[in-house]
1. Collect residues whose amide H, placed 1.01 Å from N in the peptide plane, falls under 5 Å from the amide H of Cys26; neighbours closer than 5 in sequence don't count.
2. With each label point set 7 Å from Cα along the Cα-Cβ vector, what nm distance links His8 and Ala34?
Amino acid sequence: MNQSHDHHPSAELVNLMRLEEGARSCTTRDQARAFIREADQVKRHLWGTTEGTIAAHD
């Protein structure tokens, strides 16, 4: 799951979409949380904040 943060913004957006799709297709809550955390890191890299999206899934 973990990828370098030196990508072009469009590559980061594609990565974000993959992570979000991965979270939707998980079979356990723990797996989904791992995808969501990584997606939050990508969002922070792109936009600076995620405003606690993982908190909504705890």
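1. The answer is none.
2. 3.0 nm
Every number here is computed from the coordinates shown, using simple stated rules; none is lab data. Bear in mind that the values here come from a model prediction, so they are computed numbers and not experimental data. For neighbour counting, all protein chains shown are included, and Cβ atoms are generated from backbone atoms with ideal geometry for every residue, glycine included.
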